[in-house]
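Visitor: Structure in C-alpha cells, see below.
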Amino acid sequence: MMKNFGDLPIIDKPVTEADVDILNAPRNKRTEVFNFILNDLEIAISKMRPSNQLATPGTRLSKDIALMFKARACLYEGTWEKYHQGTPFAGQTDGKAYLQQAADAALQIVDGGNYSLVVGNPNRVYADLFNRTNYAGVSEVIFYKHYDREAHGNTFGNQLWNWPNAYGYTYEATKFFLCKDGLPIAVSPLFVGDATLDILEKNRDPRLAQSVMVPTDIRRIQGTDTTYFILPDVLNSGTGIESRKFRHIVVDPAVGIQNHNVDYIFMRLPEAMLIYAEAKAELGTLTQADVDKTINKIRDRVACPTLS
C-alpha cells in the first residue's frame, strides 16, 4: 500500500464502523509509514531464529528472511527518498539512513556464514539452480516453496516447469545480459546482434543461454528419446522468447511429463549480495573490496569478467 499510495493513515488497533475519527483520520507522511513498517521488521528480527536453527530451514519464516525483507524495504525507501527530494512525492529524509540499514541488513546475511553460492560448470550451474525438485540443503537458497503434487494434488503444483509453460521473456529483458567481455551490448565489440533467436546468445553472458530457449536446446529427455527446441510456441509463450529456467527436462518415469514438483525460490544469497553493493553505491561508499565479495563472486560463478 505504501508503494501505491505513499502517505497512509497508520492504524495500530482494531476498528469498527463506530470509530469514525480513526476511519476519517488524515494520512501520515510516507516516512512515518515506512518507520512504522521498519519497526515491525525490527521486532520480527529480534524475536525470530536463524534458518539453520529450524527443523525445516528455508520453508519456514526465519530471522534471515526478515533481514532480507528489511534489506529490500530499506533499499526501496532509501532510493525513493534520495531521488524524490524536492518533488511532491518526497519523503522527509535524504534516504541515507535507510540505505545504510539496507547495506547492514544484507551484510548480516552475506557475512553470517549460513549461506554460500552454489558453484559448478559455468555453462549449466545457473540453469541447474532453478530446476530442482527439492532445495533442502542448497547452500544459497534462503526461502523457497516446496511442491509435492502426490501429497497435495495438482492444484498445488508448480506449472512453471512445463513446456510450453505460457511464460516468456520480453525482448527488452534480454538486453540486460552483458557480453562475454563483461560490457553491455551497447558498447561491446563482441555483440553480434539479437534480431533472431539463433544469434541471441552469441558472445553473451552464459546466464542468458541458461535462461532462454534457442534452436538446438534440449526440450525434453524421456528414456532414450531426446526432443530439441526448434521454434517457439508463440500461442503459449506469448513473447516468442521462451524461458529455459524451471525446465526439468529429464522425465522421471515414475511421474511422467506432468511433473509439477519443481520447487520455487523466493529469496537467495545473490540478492543480499546485490542489495549490499547497490546500497553502498547509492551511499557513495562502494569499494573494490565490496565489489569483490558480491558482484564479482556472482560473475565468477559463470566465468564472466570481473568488475573494477
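The values are calculated or read from the model by the stated rules, or taken from the named source; none is laboratory data. Note that the structure is a prediction, hence the values are computed from the model and not measured. We place every Cβ from the backbone using ideal geometry, glycine too, and count neighbours over all the protein chains shown. The area values use the complete protein model at the heavy-atom level, side chains included, leaving out ligands, DNA and RNA. Shrake-Rupley method; radii C 1.70, N 1.55, O 1.52, S 1.80 Å.
Visitor: Scanning the range 57-70 for residues that are of a type outside the set (G, A, S) and part of a loop (DSSP other than H, G, I, E, B), which turns out most open to solvent (accessible area, probe 1.4 Å)?
Guide: Among those that are of a type outside the set (G, A, S) and part of a loop (DSSP other than H, G, I, E, B), it is R60.
Visitor: Also, quick follow-up: Filter the range 106-133 down to residues that are within 21 Å of R219 (Cα to Cα) and either in contact with a Phe, Trp or Tyr (Cβ under 6 Å, 6 or more places away or on another chain) or of a type in the set (S, T, N, Q) (or both), then give me how many there are.
Guide: Within the range 106-133, residues that are within 21 Å of R219 (Cα to Cα) and either in contact with a Phe, Trp or Tyr (Cβ under 6 Å, 6 or more places away or on another chain) or of a type in the set (S, T, N, Q) (or both) number 5.
Visitor: Output the residues belonging to the range 22-56 that are touching a strand residue (DSSP E or B) at 6+ places or on another chain (Cβ under 9 Å) and either farther than 21 Å from Q85 by Cβ or crowded, with 17+ Cβ neighbours inside 10 Å (or both).
Guide: Answer for the range 22-56, where residues must be touching a strand residue (DSSP E or B) at 6+ places or on another chain (Cβ under 9 Å) and either farther than 21 Å from Q85 by Cβ or crowded, with 17+ Cβ neighbours inside 10 Å (or both): R30, V33, F36, S51.
Visitor: Still on this model: All but one of (1) under 16 Å from A272 (Cα atoms); (2) free of Cβ contacts under 8 Å to residues at least 24 places away in the same chain hold for M68; which doesn't?
Guide: (2)
Visitor: Next question, about the same structure. Looking only at the range 119-145, which residues are outside any helix (DSSP H, G or I), buried (at least 16 other Cβ atoms within 10 Å of the Cβ) and of a type outside the set (D, E)? Outline the logic, then answer.
Guide: Start the filter on the range 119-145 by keeping residues that are outside any helix (DSSP H, G or I), which leaves 119-124, 130-145.
From what is left, the residues that are buried (at least 16 other Cβ atoms within 10 Å of the Cβ) are 130-133, 135, 138, 140-144.
Matches in the range 119-145: F130, N131, R132, T133, Y135, V138, V141, I142, F143, Y144.
Visitor: For residues in the range 184-239 being outside any loop (DSSP other than H, G, I, E, B) and hydroxyl-bearing (S, T, Y), which is most open to solvent (accessible area, probe 1.4 Å)? It would help to see each step written out before you state the result.
Guide: Residues of the range 184-239 that are outside any loop (DSSP other than H, G, I, E, B), as a first pass: 197-200, 204, 206-209, 212, 218-222, 225-228, 234-237.
Add one more test, that the residue is hydroxyl-bearing (S, T, Y), and what stays is 226-228, 237.
Working: T226: 61, T227: 58, Y228: 124, S237: 7 Å².
The qualifying residue most open to solvent (accessible area, probe 1.4 Å) is Y228.
Visitor: Given the options Q92, Q85, name the one that is assigned to a loop (DSSP other than H, G, I, E, B) and without any contact (Cβ under 8 Å) to a residue 12 or more places away in the chain. Give the steps one after another, and end with the answer.
Guide: Values: Q92 fails: without any contact (Cβ under 8 Å) to a residue 12 or more places away in the chain.
Within the list Q92, Q85, the selection yields Q85.
Visitor: Filter the range 80-117 down to the residues that are open to solvent by 50 Å² or more (accessible area, probe 1.4 Å) and more than 23 Å from L8 (Cα to Cα) and list them by number.
Guide: If the condition is that a residue be open to solvent by 50 Å² or more (accessible area, probe 1.4 Å) and more than 23 Å from L8 (Cα to Cα), then Q100, D104, Q108, D111, G113, N114, S116 are the ones that fit.
Visitor: So in the range 3-21, with the set limited to residues that are more than 31 Å from the chain's Cα centre (by Cα) and assigned to a helix (DSSP H, G or I), which one is surrounded by the fewest Cβ atoms within 10 Å (Cβ to Cβ)?
Guide: So the residue we want is D21.
Visitor: Additional query: Would you check which residues across the range 279-295 are touching a residue at least 24 places away in the same chain (Cβ under 8 Å) and within 15 Å of D111 (Cα to Cα) and list them? So that I can check it myself, show each step before the final result.
Guide: In the first step, residues of the range 279-295 are kept if they are touching a residue at least 24 places away in the same chain (Cβ under 8 Å); the result is 279-280, 282-283, 293-294.
Across the range 279-295, the qualifying residues are K293, T294.
Visitor: If you take the residues in the range 250-275 that are assigned to a helix (DSSP H, G or I) and open to solvent by 20 Å² or more (accessible area, probe 1.4 Å), which one is nearest to E140 (Cα to Cα)?
Guide: E271
Visitor: Return a yes/no flag: does the range 221-231 have any residue that is in contact with a helix residue (DSSP H, G or I) (Cβ under 7 Å, 6 or more places away or on another chain) and modelled with pLDDT under 90.
Guide: Within the range 221-231 (the criterion being in contact with a helix residue (DSSP H, G or I) (Cβ under 7 Å, 6 or more places away or on another chain) and modelled with pLDDT under 90), the answer is no, since none of the residues qualifies.
Visitor: Just one of the numbered conditions (1) open to solvent by less than 50 Å² (accessible area, probe 1.4 Å); (2) more than 15 Å from P305 (Cβ to Cβ); (3) in contact (Cβ under 8 Å) with a residue 60 or more places away in the chain is not true of T170; which one?
Guide: Status for T170: all satisfied but (1).
Visitor: For the subset of the range 240-249 comprising residues that are under 19 Å from D128 (Cβ atoms) and not charged (D, E, K, R), which member is surrounded by the fewest Cβ atoms within 10 Å (Cβ to Cβ)? Steps first, please.
Guide: Of all residues in the range 240-249, those under 19 Å from D128 (Cβ atoms) come to 242-249.
Next cut, not charged (D, E, K, R) only: 243, 246, 248-249.
On the way: S243: 20, F246: 21, H248: 22, I249: 17.
For the range 240-249, the residue satisfying everything is I249.
Visitor: Select from the range 26-81 the residues that are among the hydroxyl-bearing types (S, T, Y) and over 21 Å from K145 (Cα atoms) and list them in ascending order.
Guide: Hits for the range 26-81 are T31, S46, Y76, T79.
Visitor: Let me ask something else. For residues in the range 191-225 being more than 28 Å from R301 (Cα to Cα) and of a type outside the set (G, A, S), which is nearest to the chain's Cα centre (by Cα)?
Guide: For the range 191-225, the residue satisfying everything is Q222.
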